[in-house]
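Chemist: Here it is, the structure in full.
The values are calculated or read from the model by the stated rules, or taken from the named source; none is laboratory data. Quick caveat, the model's predicted, so the values are computed rather than measured. FYI the Cβ positions are ideal-geometry reconstructions off the backbone, even for glycines, and counts take in every protein chain you see.
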Amino acid sequence: MNSFVLEIWAEESKCRFYTVRQLEEEYSETDKFFLKYKDEPNLKRSISELANFIVKYIGQKTGALNYFFRFENRAQALPPISKYKFSQLEIETKDFPLRLYCLRISDEIVILFNGAEKSSQKAQEGKTKKFFEEANYFANKIDNAIINKDLLIDYNEGIIISSDGEKEIVLD
């Protein structure tokens with residue numbers, strides 16, 4: 001895989017969401033996921049529920065609590081296994097048809113990747129296979145950059161900072 005940029009996807013009161021964009025790409029991985037399914041008749045409601053769960057529930061109400069995330073090797077996935085109700089948003093995730101992969105850094109920071117329609121019991125199979133592998137690649141690169149102090153986490157501010165002070169965070 002090529003180099004990628006870590007960029008802010010959404011900034012909410014309880015959580016800041018980052019995403020990755022491959023250098024040669026116009027859209028981030030997360031934007032590609034939502035664009036892929038937003039007009040799909042049988043997934044339109046699910047993609048809307050997932051977006052609302054991320055932005056309104058996690059981002060604005062609770063933060064990125066550990067139990068919201070399915071563990072998928074080095075990465076995690078959304079939505080969790082449960083039922084959540086917030087205002088008029090209700091999401092039943094037991095048989096939810098989509099998986100969006102991510103990396104939870106803290107209650108205040110999540111890095112969103114890409115995902116797919118769930119077509120098998122295991123993330124390593126079916127339509128999710130490619131995105132599961134990519135998410136784990138990105139998560140590994142990001143984890144190593146944090147360990148090596150190429151990326152610094154400001155937990156008080158809920159932000160990720162490049163150790164060289166550059167605004168654009170590029171990882172190889």
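Chemist: Mind checking which pairs have a first residue in the stretch 4-32 that is farther than 12 Å from Val110 by Cβ and a second that is assigned to a loop (DSSP other than H, G, I, E, B) and at pLDDT below 95, Cβ under 7 Å, 6 or more apart or different chains?
Modeler: Sorted first by the residue in the stretch 4-32, then by its partner, the pairs are Phe4/Leu23; Val5/Leu23; Val5/Glu168; Gln22/Asn2; Leu23/Asn2; Leu23/Ser3; Glu24/Asn2.
A quick yes/no check of all residues on (1) of a type in the set (Lys, Arg); (2) more than 23 Å from Ile142 (Cβ to Cβ); (3) under 15 Å from the mean Cα position of the chain (by Cα):
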{"site": "Ser13", "(1), (2), (3)": "no, yes, no"}
{"site": "Arg16", "(1), (2), (3)": "yes, no, yes"}
{"site": "Leu23", "(1), (2), (3)": "no, no, no"}
{"site": "Tyr27", "(1), (2), (3)": "no, no, yes"}
{"site": "Val55", "(1), (2), (3)": "no, no, yes"}
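Chemist: Tell me, which strands (runs of 3 or more DSSP E) wholly within the stretch 70-156 include 2 or more residues that are more than 16 Å from the chain's Cα centre (by Cα), more than 19 Å from Ser3 (Cα to Cα) and modelled with pLDDT of 90 or more?
Modeler: Ranges flagged: 151-154.
Chemist: Kindly indicate the residue of the stretch 43-62 that is of a type in the set (S, T, N, Q) and in contact (Cβ under 8 Å) with a residue 12 or more places away in the chain and also farthest from Tyr155 (Cα to Cα) among those meeting that condition.
Modeler: Filtering the stretch 43-62 for residues that are of a type in the set (S, T, N, Q) and in contact (Cβ under 8 Å) with a residue 12 or more places away in the chain, the one farthest from Tyr155 (Cα to Cα) comes out as Ser46.
Chemist: For Ile47, which of the numbered conditions (1) closer than 17 Å to Lys118 by Cβ; (2) of a type in the set (Val, Ile, Thr); (3) part of a strand (DSSP E or B) fails to hold?
Modeler: With respect to (1) closer than 17 Å to Lys118 by Cβ; (2) of a type in the set (Val, Ile, Thr); (3) part of a strand (DSSP E or B), Ile47 is out only on (3).
Chemist: While we're on this one: Scan the stretch 43-57 and tell me whether some residue there is over 20 Å from Phe96 (Cβ atoms) and of a type outside the set (Val, Ile, Thr).
Modeler: no
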